[in-house]
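Below is one structure, written out as structure tokens, with a few remarks after it.
The values are calculated or read from the model by the stated rules, or taken from the named source; none is laboratory data. Just so we're clear, the structure is a prediction, and the values are computed from it rather than from any experiment. Because the Cβ atoms are built from the backbone with ideal geometry, glycine has one as well, and the counts that use them run over all protein chains shown. With ligands, DNA and RNA removed, areas are computed over all heavy atoms of the protein, side chains included. Shrake-Rupley method; radii C 1.70, N 1.55, O 1.52, S 1.80 Å.
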Amino acid sequence: MFSIGQTALMSIFSHLIFIYITWRLVIVMNFDPIIRKGHATEGRIFLLFLSIIIGTGVSRFFLDILQWSGQLVYLF
């Protein structure tokens with residue numbers, strides 16, 4: 001069983017890694033037709049927020065699966 005500090009550290013790293021992966025994937029996609037000309041900065045900020053939302057959700061999913069699989073021993 002992890003201590004509270006180890007769980008917090010693992011959660012922080014997991015969130016940051018998945019946010020980074022999502023950011024790299026979002027950058028590859030072509031959002032130029034959607035973003036108005038002259039609003040590139042706002043478009044990048046929006047893509048950053050989108051990456052944070054998606055990356056955090058995916059990270060939370062994997063952390064929950066990890067936690068639940070560790071609790072399966074209490075089933076029997």
- Note on the structure: Just one listed residue, out of 26, 58, is in a helix (DSSP H, G or I), modelled with pLDDT under 95 and of a type in the set (A, V, I, L, M, F, W, C), and it is 26
- Residues of segment 28-38 being open to solvent by 70 Å² or more (accessible area, probe 1.4 Å) and among the β-branched types (Val, Ile, Thr), in sequence order, are 28, 34
- Item | Number of the condition not met by residue 41 [criteria: (1) surrounded by 11 or more Cβ atoms within 10 Å (Cβ to Cβ); (2) over 16 Å from the mean Cα position of the chain (by Cα); (3) without any contact (Cβ under 8 Å) to a residue 40 or more places away in the chain] | (1)
- Query: Looking at segment 1-23, which of its residues are open to solvent by less than 70 Å² (accessible area, probe 1.4 Å) and in a loop (DSSP other than H, G, I, E, B)?
  - Reply: 3
- How many residues does segment 1-38 hold that are over 8 Å from the mean Cα position of the chain (by Cα) and more than 30 Å from residue 72 (Cα to Cα)? 16
- Task: Enumerate the pairs (first residue in segment 46-71 and open to solvent by 40 Å² or more (accessible area, probe 1.4 Å); second residue anywhere and at pLDDT 95 or above and in a helix (DSSP H, G or I)) with beta-carbon separation below 6 Å, excluding pairs fewer than 6 apart on the same chain, so at least 6 apart or on different chains.
- Result: 52/19; 54/22; 56/15; 58/18
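Which residues, taken from segment 29-49, are out of contact with any helix residue (DSSP H, G or I) (no Cβ under 6 Å at 6 or more places or on another chain) and either modelled with pLDDT of 90 or more or not in a loop (DSSP other than H, G, I, E, B) (or both)? Reasoning before the result, please.
First pass over segment 29-49, keeping only residues out of contact with any helix residue (DSSP H, G or I) (no Cβ under 6 Å at 6 or more places or on another chain): 29-34, 36-46, 48-49.
Those that are out of contact with any helix residue (DSSP H, G or I) (no Cβ under 6 Å at 6 or more places or on another chain) and either modelled with pLDDT of 90 or more or not in a loop (DSSP other than H, G, I, E, B) (or both): 40, 41, 42, 43, 44, 45, 46, 48, 49.
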